[in-house]
Amino acid sequence: MKTHSIKPVDIKKKWVIVDATNQTLGRLSSQVAHVLRGKHKPTFAPHLDTGDNVIVINCAKVKLTGNKWTDKVYHHHTGFMGGIKQASAQEILEKTPERLVAIAVKGMLPKNKLGRALATNLRVYADDQHGQEAQQPVKVNLDRAASLQK
């Protein structure tokens with residue numbers, strides 16, 4: 001018996017909308033990364049982009065547990081000497097709430113060329129307005145993975 005490997009031309013991608021209202025950031029981002037990677041499909045291949053395109057709306061209403069709003073610190077470097085910058089989760093939420101979800105999801109994707117390609121399939125919006133109506137996205141509840149396999 002031979003193992004069937006899917007070819008890139010046979011991959012069928014869908015557009016899905018995820019509402020982040022009152023969802024925990026870590027659980028939401030792990031489920032979104034699961035869908036971006038394509039692990040919910042029977043045609044999953046670890047070396048191909050078999051996942052769906054995901055639109056996350058209302059990310060300004062995401063929640064964190066405990067004292068993470070003040071204690072969780074995000075670092076980045078400007079590229080100049082002494083250019084390390086840091087900001088708490090609360091500061092990032094006030095300034096650009098989209099970055100909070102995008103950073104969390106990107107951290108759960110593979111750290112290689114495939115992971116960078118998968119990150120381009122994610123669209124994050126602070127409110128419920130998005131510009132992808134032409135793609136006819138389907139609103140899904142990520143708690144039930146069976147709703148994605150239709």
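FYI, it's all coordinate maths here, none of it is from the lab. Please read these numbers as outputs of a predicted model, since none were measured by experiment. Note that we place each Cβ from the backbone using ideal geometry, even for glycine, and neighbour counts take in every protein chain shown.
Placing +1 on the Cβ of every Lys and Arg and -1 on the Cβ of every Asp and Glu, with no other charges, gives the stretch 34-129 a dipole of roughly 340 debye about its Cα centre. Stretching I103 away from F80 to a fully extended chain increases their span by 6.1 nm, per 0.36 nm per residue minus the current alpha-carbon distance. Multiplying the residue separation of T65 and S88 by 0.36 nm and subtracting their alpha-carbon distance yields 6.9 nm. With a ≥ b ≥ c taken as the square roots of the eigenvalues of the C-alpha gyration tensor of the stretch 64-150, please select rounded if a/c is under 1.5 and otherwise prolate if a/b is larger than b/c or oblate if it is not? The shape class here is prolate. Among K113, K39, K63, determine the one that fluctuates most according to a GNM of the chain built with springs between C-alpha atoms less than 10 Å apart. Greatest mean-square fluctuation among the candidates belongs to K113. I need the fraction of alpha carbon pairs in the stretch 18-74 separated by more than 15 Å, rounded to a whole percent. Counting every Cα pair in the stretch 18-74, those more than 15 Å apart make up 56 percent.
Put in line by how crowded their Cβ is, counting other Cβ atoms within 10 Å and starting with the fewest, H4, H40 read H4, H40. Note on R99, R27, R123: ascending count of other Cβ atoms within 10 Å places them as R27, R99, R123, the fewest first. So which of K7/K68; K2/K139; K39/K68 end up more than 31 Å apart by C-alpha? Pairs exceeding the cut-off: K7/K68; K2/K139. Seen from G115, the other residues with C-beta closer than 13 Å to its C-beta sum to a net charge of +4, counting Lys and Arg as +1 and Asp and Glu as -1. Below 8 Å between Cα atoms, with a sequence gap of 6+, how large is the relative contact order for the stretch 9-97 in percent? Dividing the mean separation by the residue count of the stretch 9-97 yields 29 percent.
The share of Cα pairs per 5 Å bin across the chain, counted from zero up to the longest distance, runs 2, 9, 18, 19, 19, 14, 9, 6, 3, 1, 0, 0 percent. Positive contributions from Lys and Arg (+1) and negative ones from Asp and Glu (-1), summed over other residues with Cβ under 13 Å from the Cβ of Q23, come out at +1.
H76 sits among other residues whose Cβ lies under 12 Å from its own Cβ, and their net charge, with Lys and Arg +1 and Asp and Glu -1, is +2. For the chain, what's the relative contact order in percent, using C-alpha pairs closer than 8 Å and at least 6 residues apart? Answer for the chain is 32 percent.
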